[in-house]
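Trainee: Right, I'll just put the structure down here and ask away after.
The values are calculated or read from the model by the stated rules, or taken from the named source; none is laboratory data. These numbers come from a predicted model, not from an experiment. Cβ atoms come from the backbone with ideal geometry, glycine included; neighbour counts cover every protein chain shown. Note: areas computed on protein heavy atoms with side chains; ligands, DNA, RNA excluded. Shrake-Rupley method; radii C 1.70, N 1.55, O 1.52, S 1.80 Å.
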Amino acid sequence: MIKSFYKNIVFKYPFSILSILLCGIIFLGYYATKLEIDASAETLLIEDDKDLNFARLIYKRYKMSDFLIITFSPNAKLLEQTSLDTINNITQEVLKIQTVSDITSIVNVPLLQSPVQDIASLMKGFKTLKNKNIDKNLVKKEFLNSELYKNNLVSSDFKTTAIIVNFNKDLKYLELLDKRNLFIKLQKNRTLNNQETIQAQNTTKEFKIYRDKKRLKETKKIQDIRNILKKYKDEGTLFLGGVDMISSDLVTFVKHDLLIYGVSLVFLLIFILWFIFRKIIWVILPLGICFLSVIATAGLLGFFSWEVTIISSNFISLQLIITLSIVLHLIVRYIELSSIYTKTSQYKLILNTVLSKINPSFFAIITTIAGFASLILSEIKPVQNLGWMMSAGICISLLIAFLVFPALLIILGRIKLHKKKNKQFILISLCTNLVLKKNNKIFIFSILLVLFSLTGASRLIVENSFINYFKKDTQIYKSMKIIDEQLGGTTPLDIILTFPKEKEVQENKNDSEDEFDDFEDEFENAQNDDQYWFTKDKMDLIIKVHNYLESLDEVGKVQSLATLLKLGKLLNKDEDLDSFKLALLYTKLPQKYKDIILGPYISIEHNQTRISLRIKDSNPALRRNELIKKIKKDLKLIINNDAIKYDLSNLMIMYNNMLQSLFASQISSISLVLVLLLVMFYILFSSLKVALIALATNVIPISIIFGVMGWFNIPLDVMTITIAAISIGIGVDNTIHYIHRFKKEHKKDHNYQNAMIRSHQSIAYAMVYTSFVVIVGFSVLVFSNLIPTVYFGLLTVLVMISILTSALLLLPKLLILLRPYSK
């Protein structure tokens with residue numbers, strides 16, 4: 001059927017085939033322009049994660065807002081007037097940005113201990129650095145020792161300060177997000193009716209439109225702030241940090257990487273193809289097919305509104321490399337046949353080239369898809385999308401390559417061979433000689449490699465250190481480093497304590513101090529029961545948990561109601577604020593200050609308190625999953641009351657869930673892929689012995705990834721954890737092509753050593769060419785600003801070298817030793 005298709009359609013109507021194909025690619029090319037990049041934090045989260053839903057609920061419930069942090073290390077001393085003027089000027093300019101709600105800095109925060117004032121005085125008003133006759137020595141002492149400001153607003157060396165820019169909470173975005181997620185959840189549980197389907201489509205469309213506008217606004221506001229900071233660069237060192245800035249910069253990095261990959265790879269491929277073949281047609285043809293494949297795949301992604309994320313930003317490189325490997329096998333086979341059958345027509349040459357390669361190429365592509373299909377089993381949407389992207393892209397590459405290559409060559413006619421000296425690659429000759437030697441060095445080395453991989457794998461750690469995602473010379477790294485080490489840490493983590501719902505009655509009123517007796521009647525007659533929330537048991541527990549969290553080496557700044565209680569004790573002549581005093585303060589405090597001081601930390605309506613802390617992400621000893629387990633275990637002992645519920649929330653938990661989920665899914669899915677590969681090898685080669693040989697030849701070199709990562713302390717993260725699946729997908733190509741050729745050569749004289757020599761002298765060249773292209777292609781990734789992408793490139797290069805070496809040494813050695821073919 002395949003032969004008839006090429007004879008009766010492709011070879012008869014090559015112009016029509018190319019025209020139809022080109023029209024289809026032009027159509028997809030239009031949608032390729034609509035391909036979008038999404039580097040938001042949500043792309044690295046599990047959609048159905050209960051912790052994600054809980055974190056969104058907490059964000060709505062408490063008086064929290066999105067913010068950015070400007071770090072300022074002035075040339076002058078921090079409290080000198082020039083430094084304060086710079087902070088004030090930056091504040092005034094940033095406040096003009098539309099979405100900014102307020103700004104917190106050392107210039108406008110209340111001074112409570114400069115000098116120490118009693119609570120009654122503070123209720124009348126606060127002083128700030130803007131007031132006259134402020135003792136700056138006392139101010140410095142307050143900033144360095146205050147529970148509110150130390151390691152938060154100023155660094156411990158008093159050389160760096162934070163300017164916190166708060167933004168208006170975007171409730172509409174949260175509302176649209178909830179509506180979209182509701183339909184996604186509903187669709188997973190049952191089939192939507194027509195009306196619901198239309199509503200779901202409209203909601204998704206509305207959400208995306210609003211989200212894209214929001215992103216443009218966020219990008220603009222970040223750029224506006226950076227432009228403001230540039231004006232003051234002579235006054236000191238200024239950096240911008242925060243989650244929104246990271247998301248914005250990641251989009252820039254991904255776009256930069258895509259451009260660099262594309263341009264660098266094209267020039268490298270031109271050089272490599274010219275160096276190998278020395279014919280312009282063998283440069284233009286494969287690059288043309290690669291270009292058409294990438295455009296078609298990008299168009300398909302744009303058509304289905306799939307977005308490129310950090311995880312899938314490498315899809316262009318992968319697509320180019322896989323497509324080129326398909327075309328290179330066709331070119332090498334065509335040249336081989338053309339050199340043997342010098343008088344055969346172009347028609348027969350192309351037909352034999354295609355027919356001899358379509359079977360191994362098809363199975364190589366199927367096994368490649370199986371490797372990428374393991375990513376589809378992940379719970380993380382972008383990882384799933386990468387699996388679908390590459391599976392679809394590989395199919396497109398196979399289709400375009402096996403249509404364009406024969407159709408175009410039929411039109412062009414027979415290609416004259418480049419006259420060059422008939423010499424072997426040193427690598428191929430060396431491998432041939434090593435296989436022929438009657439010793440066990442290859443097997444001994446393979447066993448040592450397995451031991452290296454197993455011991456290294458036992459040392460693997462699963463981590464998601466955000467600061468280590470970026471190169472040290474980038475602005476994003478420098479800002480995160482300062483915030484992490486000098487201003488209380490970067491990664492947010494919340495501890496939520498929920499108390500029993502029964503109504504609590506204030507007791508022991510007579511224990512209050514005499515100075516508050518005048519206020520008791522007013523307190524007792526208050527109509528709002530909120531004041532009764534501040535019981536001694538609750539306050540003691542909050543302080544106990546707060547102090548425990550502060551004692552952890554991995555934790556930076558901790559803020560909670562306990563922060564205010566400690567400060568209140570200092571202001572109350574070193575006496576604890578009892579329930580009556582707290583309740584009184586609560587009733588007397590204006591609503592504006594309640595929202596600022598208490599709003600982020602308590603929810604009386606839900607009988608709940610929030611303890612906010614930041615993790616020191618740059619701590620090399622930090623093990624996030626172990627830290628989370630430790631905190632949960634210790635909290636249970638500290639609280640010692642089953643009626644009080646405690647939960648951990650925020651980015652630390654969600655990202656850790658993502659990584660642990662990805663690790664677990666990849667281990668199970670890779671096991672499934674290996675079983676599927678064994679089945680496919682058996683179907684392809686009709687021999688269990690050959691199938692096991694093929695599997696072993698791939699598993700051993702691929703396992704080197706885990707050995708290297710373990711021994712060199714490279715953590716498994718969202719990028720590196722996908723290398724094994726991708727390597728399996730790409731690596732099996734060499735194995736299938738070699739065994740397919742070895743079997744044909746063995747039929748000639750039934751001599752295993754001669755079959756190996758002939759296979760090395762023929763198919764090995766195509767294997768070396770394609771592997772060389774893959775290695776060079778992935779080496780381009782080292783220019784990325786994202787460290788995980790750099791690791792991804794280097795480790796993939798390493799595993800591809802290992803797979804090629806295994807295919808040229810271990811595979812033929814096993815075939816010769818085990819003799820799977822009968823005469």
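Trainee: Mind giving me the FRET efficiency for Ile461 and Leu216? R0 is 30 Å, r the Cβ-Cβ distance, nearest 0.05 is fine.
Mentor: Details: r = 38 Å, r/R0 = 1.27.
Taking R0 as 30 Å, the efficiency between Ile461 and Leu216 is 0.20.
Trainee: Also: Could you give the length gained by full extension between Ile284 and Asn145, i.e. 0.36 nm per residue of separation minus their alpha carbon distance, to one decimal place?
Mentor: Details: separation 139, 0.36 × 139 = 50.04 nm, distance 6.86 nm.
Value of the extension gain: 43.2 nm.
Trainee: A further question follows. Just grab the label-to-label distance for Glu605 and Leu589, each label 7 Å out from Cα along the Cβ direction, in nm (one decimal).
Mentor: For the pair Glu605/Leu589, the computed spacing is 1.7 nm.
Trainee: Still on this structure: Kindly write out, for segment 614-630 in residue order, the coupling ³J(HN,Hα) from the Karplus curve 6.51 cos²θ - 1.76 cosθ + 1.60 (θ = phi - 60°), rounded to whole Hz, with x marking Gly and Pro.
Mentor: Rounded to whole hertz, the list is 10, 8, 7, 5, 8, 5, x, 8, 5, 10, 4, 5, 5, 5, 4, 4, 5.
Trainee: Another question about this same structure. Length gain on complete extension for the stretch Lys636 to Asn133, per 0.36 nm per residue less the alpha carbon to alpha carbon distance? Each step should come with its number before you reach the end.
Mentor: Values: separation 503, 0.36 × 503 = 181.08 nm, distance 4.94 nm.
Result: 176.1 nm gained on full extension.
Trainee: Kindly express, to the nearest 10 degrees and within the range 0 to 90, the angle between helix 787-808's C-alpha long axis and the longest C-alpha principal axis of the chain.
Mentor: Approximately 30 degrees, to the nearest ten.
Trainee: Give the residue list of chymotrypsin sites (Phe, Trp or Tyr not before Pro) in segment 292-323 that are DSSP loop and have at most 12 other beta-carbon atoms within 10 angstrom. Don't skip to the answer; put the middle values down first.
Mentor: Working: sites: Phe303, Phe304, Trp306, Phe315; in loops: Phe304, Trp306.
In loop regions of segment 292-323 (DSSP not H, G, I, E or B), the sparsely surrounded chymotrypsin sites (Phe, Trp or Tyr not before Pro) are Phe304.
Trainee: Another one. I want to check the label-to-label distance for Asn88 and Asp540. Put each point 7 Å from Cα in the C-beta direction and report it in nm to one decimal.
Mentor: Inter-label distance under the simple model: 4.8 nm.
Trainee: Along the Cα→Cβ direction, 7 angstrom out, place labels at Lys12 and Arg190. What is the inter-label distance in nm?
Mentor: In this crude spin-label approximation the distance works out to 5.4 nm.
Trainee: Please work out the Cα center distance from segment 92-167 to segment 605-677, rounded to the nearest Å.
Mentor: Cα centroid of segment 92-167 versus Cα centroid of segment 605-677: 34 Å apart.
Trainee: While we're here: Which trypsin sites (Lys or Arg not before Pro) from segment 152-232 combine a DSSP loop assignment with at most 12 other Cβ atoms within 10 Å?
Mentor: Details: sites: Lys159, Lys169, Lys172, Lys179, Arg180, Lys185, Lys188, Arg190, Lys205, Lys208, Arg211, Lys213, Lys214, Arg215, Lys217, Lys220, Lys221, Arg226, Lys230, Lys231; in loops: Lys159, Lys169, Arg190.
In loop regions of segment 152-232 (DSSP not H, G, I, E or B), the sparsely surrounded trypsin sites (Lys or Arg not before Pro) are Arg190.
Trainee: Suppose R0 equals 22 Å. What FRET efficiency, 1/(1 + (r/R0)^6) with r the Cβ-Cβ distance, do Ile644 and Asn166 give to the nearest 0.05? Intermediate results must be reported in sequence, preceding the final value.
Mentor: On the way: r = 31 Å, r/R0 = 1.41.
Given R0 = 22 Å and the Cβ-Cβ separation, E is 0.10.
Trainee: Could you tell me the calculated FRET efficiency between Leu552 and Leu436, based on Cβ-Cβ distance and R0 = 60 angstrom, to the nearest 0.05? Can you show the working numbers first?
Mentor: Values: r = 61 Å, r/R0 = 1.02.
The value I calculate is 0.45.
Trainee: List the lysines whose Cα lies under 27 Å from the Cα of Lys813, skipping any in the same chain that are fewer than 8 positions away.
Mentor: Answer for Lys813, where 27 Å is the Cα cut-off: Lys357, Lys423, Lys437, Lys438, Lys441, Lys689, Lys743, Lys744, Lys747, Lys748, Lys823, listed by chain and number.
Trainee: Per residue, how much accessible surface does the chain expose to a 1.4 Å probe? Answer in Å², no decimals. Let's see the in-between values first.
Mentor: Working: 38150 Å² over 823 residues.
With the other protein chains kept in place, the chain gives 46 Å² per residue.
Trainee: Counting only residues 5 or more places away or on other chains, whose amide H sits under 5 Å from the amide H of Asn785 once H atoms are built in the peptide plane?
Mentor: none
Trainee: OK, next. Please give the solvent-accessible surface of His746 in Å², to the nearest 10, using a probe radius of 1.4 Å with every protein chain present.
Mentor: Counting only protein heavy atoms, His746 exposes about 10 Å² to solvent.
Trainee: May I pose another question? If amide H atoms are built 1.01 Å from N in the plane of the peptide, which residues on other chains or at least 5 residues away come under 5 Å of the amide H of Ile615?
Mentor: When sequence neighbours closer than 5 places are left aside, the close amide H contacts are Thr490, Thr491, Leu493, Gly556.
Trainee: Would you count, across segment 203-245, every pair of lysines whose alpha carbons are under 28 angstrom apart, provided the pair is eight or more residues apart or spans two chains?
Mentor: Pairs that pass both the separation and distance tests number 22.
Trainee: Let me ask another. State the extension gain, in nm to one decimal, for the chain segment bounded by Ser305 and Asp224, taking 0.36 nm per residue of separation less the distance between their alpha-carbons.
Mentor: 26.2 nm
Trainee: Which ³J(HN,Hα) values in Hz, rounded to whole numbers, follow from the phi angles of segment 451-460 under the Karplus curve 6.51 cos²θ - 1.76 cosθ + 1.60, where θ = phi - 60° and Gly and Pro get x?
Mentor: With the stated coefficients, segment 451-460 comes to 5, 4, 5, 5, 5, x, 4, 5, 9, 5 Hz.
Trainee: I'd like the orientation of helix 426-436 relative to the chain: the angle between its Cα long axis and the longest Cα principal axis, in ° from 0 to 90, rounded to 10.
Mentor: Taking the Cα atoms of the chain, the angle to 426-436 is about 80 degrees.
Trainee: Roughly how tilted is helix 536-550, in degrees to the nearest 10 and between 0 and 90, from the longest Cα axis of the chain?
Mentor: 40 degrees
Trainee: Probe radius 1.4 Å, ligands and nucleic acids ignored: give me the carbon and sulfur share of the accessible area of the chain as a rounded percent.
Mentor: Roughly 58 percent, rounded to a whole number.
Trainee: Sorted from largest to smallest, which semi-axis lengths in Å does the alpha carbon gyration tensor of segment 278-426 give for its equivalent ellipsoid, taking the root of 5 times each eigenvalue? Before the final figure, lay out each step's value.
Mentor: Values: eigenvalues 223, 44, 38 Å².
Working through the eigenvalues yields semi-axes of 33, 15, 14 Å.
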